[in-house]
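For reference, the structure discussed in these notes is given below.
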Amino acid sequence: MTTHTTSPRARASYAELSLYAPDRRPCDVDLSDNTNLWGVPPAAERAMREAASDAMARYPELYAHSLKNALAQYAGVDTSCIVTGCGSDDVLDSAIRAFGEPGDRIALPDPTFPMIPVFARMNALTPVPVRLTSAYDADADALLATDPDIVYLCSPNNPTGTSLARAAIDAIVARANGLIILDEAYAEFAGWSAVELAMRSHRVLLTRTLSKAFGLAGLRIGYGIGAPELVAAVEKSRGPYKVSAIAARAAMAALGDDLPWVRERVDAVVTLRARFTDALRALGLEPLQSRANFVLAPVADAAKVAAALRNRGIAVRPFEHLNAPACTPLAATRGSAIRITIGPWPLLERALGALHEVLP
Ligand code: PMP
């Protein structure tokens, strides 16, 4: 009998991967993860509390059909155009696996959602980052010049908060060969969505989430919108039972009775985002023009600023060495910036007070 002494080897591409490890230590005021800081919508919370024990003892629906109906109604599309997932992370990962063979290339703007290169490597694809233009737009020519098998776009983009111009999206959809993923995790705060493009084109998958505007990040519910044959392939890649029965019930309540609650908070974010951006300018910062529920403010030595804010009970997300577009305030700080989630004004006021003390 042979005795093996070495561990089995994981996929070669995993050598480039490390576990996602943002600073998640509890903090008095957490403005670091772009969730809904007003909390859980009330009907969703009620639905969860009232979920009968059979929602726990039995398996949920295989592919969350009832939830897909509710999402289809919300998005104004047919149920056959919806796929759900355990967070939009799951939909993104499944889509990359469904449409990318090992060794394929996925082009993405840089900077963008940092999990995309991770999902690419997890599925043995090669991420090809392409710097944003000086207007924080997707560089369509440069993205297409990489001859990508998949293009990932994000609008409003994380972490810049900026929206892509429709012209850039259209140019990419017209000329790219493979799947185009358009991540709309923050679409509610922009008041604009490319859903009609996804319905017209057979190569565009929109991904969305209930983690942001809908206040249900802990329940892990995301969805994709695209042509039926496209979402069917993502569903095969995703597999059954990915949305728990309790999460599905809460999500359906959120998409029904809670819609006015959600819309009110989205409106509040839009108003407070403008007020907070002005207040940051008054502190001498040059925040980017955000269309999301967070604002990115270039600062020298973001890690130090974030640590000093944390000492004052405020968590923000620091970024260093972002691939800053030329001739922008972000280039002036060499890609160093803090990202701050928009929430109720008293929280933002505390952040402003702490920033006032901390900034040089
Ligand atoms: N896309 C973007 C751009 C994000 O910022 C996030 C969360 N930070 C996600 C997708 C994933 O969200 P979730 O898995 O909670 O739906």
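None of the figures in this text is laboratory data; all of them are computed from the coordinates on show. On a predicted model such as this, the values are computed, not experimentally measured, just so you know. With ideal geometry, Cβ positions are generated from the backbone for all residues, glycine too; neighbour counts draw on all protein chains shown.
Between ARG105 and THR126, ASP149, ILE150, the built amide H atoms are under 5 Å apart, and every one of these is 5 or more places off in sequence or on another chain. Segment ARG9..HIS356, full-extension length gain: 119.9 nm, with 0.36 nm per residue of separation and the alpha-carbon distance subtracted.
Note: relative contact order over the chain, using C-alpha pairs below 8 Å and six or more positions apart, is 23 percent. Close amide H pairs (under 5 Å, H built 1.01 Å from N) link ALA315 with VAL29, ASP30, LEU31, residues at least 5 positions away or on another chain.
Each of THR162, THR2 was scored by other Cβ atoms within 10 Å of its Cβ. Arranged with the fewest first, they read THR2, THR162.
So how do 123-133, 342-352 stack up, highest first, on mean other-Cβ count within 10 Å?
Values: 123-133: 20.2, 342-352: 18.4.
Per-residue Cβ counts within 10 Å, averaged per peptide and sorted highest first, yield 123-133, 342-352.
Kindly write out, for the range 233-244 in residue order, the coupling ³J(HN,Hα) from the Karplus curve 6.51 cos²θ - 1.76 cosθ + 1.60 (θ = phi - 60°), rounded to whole Hz, with x marking Gly and Pro. Each residue's phi maps through the Karplus curve to give 5, 5, 5, 4, 5, 6, x, x, 6, 8, 10, 5 Hz. Considering only GLU264, GLU320, GLU188, the mean-square fluctuation computed in a Gaussian network model of the chain, springs between alpha carbons under 10 angstrom, is largest for GLU264. In order along the range 211-228, the phi-based Karplus estimate (6.51 cos²θ - 1.76 cosθ + 1.60, θ = phi - 60°) of 3J(HN,Hα) comes to 7, 9, 4, 8, x, 10, 4, x, 8, 6, 10, x, 8, x, 10, x, 4, x Hz; Gly and Pro are listed as x. The alpha carbon centroids of the range 1-35 and the range 312-360 are separated by 26 Å. Label point of ARG281 set 7 angstrom out along Cα-Cβ; within the range 152-170, amide nitrogens under 18 Å from it belong to 161-163.
Between GLN73 and ALA274, what is 0.36 nm times their sequence separation minus the Cα-Cα distance? Round to one decimal in nm.
Working: separation 201, 0.36 × 201 = 72.36 nm, distance 3.06 nm.
Net length gain for the segment: 69.3 nm.
Diffusion of the range 75-212 by Stokes-Einstein, at 10 °C in a medium of 1.306 mPa s and with Rh set to the Kirkwood radius over alpha-carbon pairs, works out to 107 µm²/s. For the chain, adding -39500 (n - 2.57) for each run of n ≥ 4 DSSP H residues and dividing by the number of residues yields -11500 deg cm²/dmol at 222 nm. Computed across the range 167-237, the Kirkwood hydrodynamic radius from all distinct Cα-Cα pairs reaches 12.9 Å. Give me the net charge of PRO159's neighbourhood, meaning all other residues with Cβ under 12 Å from the Cβ of PRO159; Lys, Arg count +1, Asp, Glu -1. My count for the surroundings of PRO159 gives -1. By the count of other C-beta atoms within 10 Å, a proxy for reagent exposure, ASP139, ASP23 are ordered fewest to most as ASP23, ASP139. Rounded, prolate or oblate, given the Cα gyration tensor of the range 11-102, with a/c below 1.5 counting as rounded? Verdict is oblate for the range 11-102. What distance in nm separates the simple spin-label points at LEU19 and ALA232, each placed 7 Å from Cα in the Cβ direction? Rounded to a tenth, the inter-label distance reads 3.9 nm. In the range 272-355, the alpha-carbon atoms span a convex hull of 82 Å³ per residue.
Calculate I(q)/I(0) for the chain by the Debye formula, one identical point scatterer on each C-alpha and no solvent, and give its log10 at q = 0.07, 0.12 Å⁻¹ to two decimals. Per q value, in the given order, log10 I(q)/I(0) is -0.31, -0.91. Cβ crowding within 10 Å, taken as a proxy for footprinting-reagent exposure, orders THR3, THR160, THR277 from fewest neighbours to most as THR3, THR277, THR160.
Paramagnetic label reach from ASP28 (point 7 Å along Cα→Cβ; backbone nitrogen cut-off under 14 Å): within the range 345-360, residues 346-358.
Our note on the geometry: Cα centres of the range 174-253 and the range 65-101, 4 Å apart.
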